Amino acid sequence: MEIQQFLKELKAFGIANEVPNISEVNAKFLQDLIFLKKPQKMLEIGTANGYSAIQFALELQKYGGKLTTIEFSSLSHEQALKNFERAQVSQTIDGRLGNALDILPTLNETYEFVFIDGMKRRTKDFLELVWDKVPAWWIIIIDDVIKFREKMVGFWEYLEEKNIPYNIIPIDVDDGIVMIIKK
Ligand SMILES: C[S@@+](CC[C@H](N)C(=O)[O-])C[C@H]1O[C@@H](n2cnc3c(N)ncnc32)[C@H](O)[C@@H]1O
């Protein structure tokens, strides 16, 4: 099946089954960032059924970049692996099963682009755990920061405390992302 058709069907499946996949507009924006910055290694927290990971991988695979994505639901992880096969991006994606809070401290690599889309109340913990893995001048994006602002316990305070500059970008009609360029 043609990849754009597959992505449309995966998105429709997500809507019908309440899988909180990123929007098509957000996917396009993040692909454009990958295109511009060309990270060699990208990290995603929260794979779900792999919709966003496939979108990232399609851009990364054009120049040999790689994605590591973490998911703690085995059902979602299995669905994602199947979807990676169907989209022919398995070579580009290392799909890890487990709690990101446990896996992140074991990753001994740097990631130039991190996309945080896990449990919102642990956003601050995810950010803290990835911070030292991201080199200067690179990017951390956090999804759903408008709709779930209140759920992100300690996150906003953490940004203030650490004096971390950020932009809130209202990328969707009802939600947005935080973009941090690490300095
Ligand atoms: C918003 S969905 C991710 C959607 C996906 N990024 C996409 O756009 O297609 C969040 C996912 O993160 C997973 N998750 C939440 N907290 C997690 C954690 N601590 N470790 C691993 N996965 C987690 C959930 O099981 C869920 O599938």
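The values are calculated or read from the model by the stated rules, or taken from the named source; none is laboratory data. Keep in mind that what you see is a predicted model, and the values were worked out from it rather than measured. In this analysis, Cβ positions are derived from the backbone assuming ideal geometry, glycine residues included, and neighbour counts consider all displayed protein chains. Only protein heavy atoms, including side chains, enter the accessible area calculation; ligands, DNA and RNA are left aside. Shrake-Rupley method; radii C 1.70, N 1.55, O 1.52, S 1.80 Å.
For this structure, a couple of remarks:
- Pairing each residue of the range 129-140 that is under 23 Å from ASN99 (Cα atoms) and basic (Lys, Arg) with any residue that is at pLDDT 95 or above and open to solvent by 60 Å² or more (accessible area, probe 1.4 Å), provided the two are 6+ apart or on different chains, yields C-beta distances under 8 Å for LYS133/GLU109; LYS133/THR110.
- The set of residues from the range 17-36 being part of a helix (DSSP H, G or I) and either within 14 Å of the ligand (Cβ to nearest atom) or open to solvent by less than 80 Å² (accessible area, probe 1.4 Å) (or both) comprises GLU24, VAL25, ASN26, ALA27, LYS28, PHE29, LEU30, GLN31, ASP32, LEU33, ILE34.
- Within the range 76-93, considering residues that are touching a Phe, Trp or Tyr at 6+ places or on another chain (Cβ under 8 Å) and part of a helix (DSSP H, G or I), the one most open to solvent (accessible area, probe 1.4 Å): ARG86
- Residue list for the range 37-52, filter: assigned to a helix (DSSP H, G or I) and not polar (S, T, N, Q): LYS37, TYR51
- Within the range 37-75, considering residues that are within 7 Å of the ligand (Cβ to nearest atom) and among the acidic types (Asp, Glu), the one least open to solvent (accessible area, probe 1.4 Å): GLU44
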